[in-house]
Amino acid sequence: MTAEVQAEYGRRYGGEGDVSPIDAEQFVPPAGLFVVLDVDGRPAAMGGWRRGGPQGASDAEIKRMFVRETHRRRGLARLVLAELERTAAEAGVRRLVLETGDQQPEAIALYTSSGYADEPAFGFYADYDDSVHLAKSIAGEE
């Protein structure tokens, strides 16, 4: 599915997809977590969080949220997001942050309807005009 999300980014933005540095080790607990939601025994949705963000180690950044096209509009992204929020809060994360792009209105709608609000630009895409930065406090949601 990671190749599929990269292809999706390429279709929406051109190029090879998301070029920000990412290392699978960043998602190994307790530094982070990566989840895959299966439907009928097949991977259908995914997402992860890794520690760190504008406010340091009390933040975690959401990365690689994706739902396969055949499984969209069924609430799977919301389920993955809820699991990321739950597990990050259990790990002591106080706030989740993310970067997405303005060519992903579905993602922006998901995050804003889930309580994420505008955040000053940060991270790898801080200087990109088409980047949208959002954050949500999850402190006290353990």
Test residue 88 against the criterion of being under 16 Å from residue 53 (Cα atoms), within 14 Å of the chain's Cα centre (by Cα) and surrounded by 16 or more Cβ atoms within 10 Å (Cβ to Cβ), and give yes or no. yes
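Residue by residue, here is whether (1) within 15 Å of the chain's Cα centre (by Cα); (2) among the polar types (S, T, N, Q); (3) modelled with pLDDT under 95 holds:
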| position | (1), (2), (3) |
| --- | --- |
| 2 | yes, yes, yes |
| 15 | no, no, yes |
| 18 | yes, no, yes |
| 48 | yes, no, no |
Out of the residues in region 10-50 that are touching a residue at least 60 places away in the same chain (Cβ under 8 Å) and outside any loop (DSSP other than H, G, I, E, B), which is surrounded by the fewest Cβ atoms within 10 Å (Cβ to Cβ)? 12
Scanning for something in contact with a Phe, Trp or Tyr (Cβ under 9 Å, 6 or more places away or on another chain), β-branched (Val, Ile, Thr) and closer than 16 Å to residue 125 by Cβ, does region 17-38 turn up at least one residue? yes
Qualifying residue in region 110-121 (condition: closer than 26 Å to residue 41 by Cβ and either small (Gly, Ala, Ser) or surrounded by 16 or more Cβ atoms within 10 Å (Cβ to Cβ) (or both)): yes
Yes/no for residue 39 being farther than 18 Å from residue 71 by Cβ, more than 14 Å from the chain's Cα centre (by Cα) and among the β-branched types (Val, Ile, Thr): no
Checking residue 91 against (1) of a type in the set (A, V, I, L, M, F, W, C); (2) touching a residue at least 60 places away in the same chain (Cβ under 8 Å); (3) in contact with a Ser or Thr (Cβ under 6 Å, 6 or more places away or on another chain), which single condition isn't satisfied? (3)
Within region 91-101, restricting to residues that are closer than 16 Å to residue 19 by Cα and out of contact with any Leu (no Cβ under 6 Å at 6 or more places or on another chain), the one that is surrounded by the fewest Cβ atoms within 10 Å (Cβ to Cβ) is 101
Sort through 134, 79, 110 and tell me the only one that's at pLDDT 95 or above and touching a Lys or Arg at 6+ places or on another chain (Cβ under 8 Å). 110
Before we move on, is residue 14 touching a helix residue (DSSP H, G or I) at 6+ places or on another chain (Cβ under 7 Å) and small (Gly, Ala, Ser)? no
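The values are calculated or read from the model by the stated rules, or taken from the named source; none is laboratory data. Note that the structure is predicted; figures quoted are calculated from it, not measured. All Cβ positions, glycine included, derive from the backbone under ideal geometry; neighbour counts span all protein chains shown.
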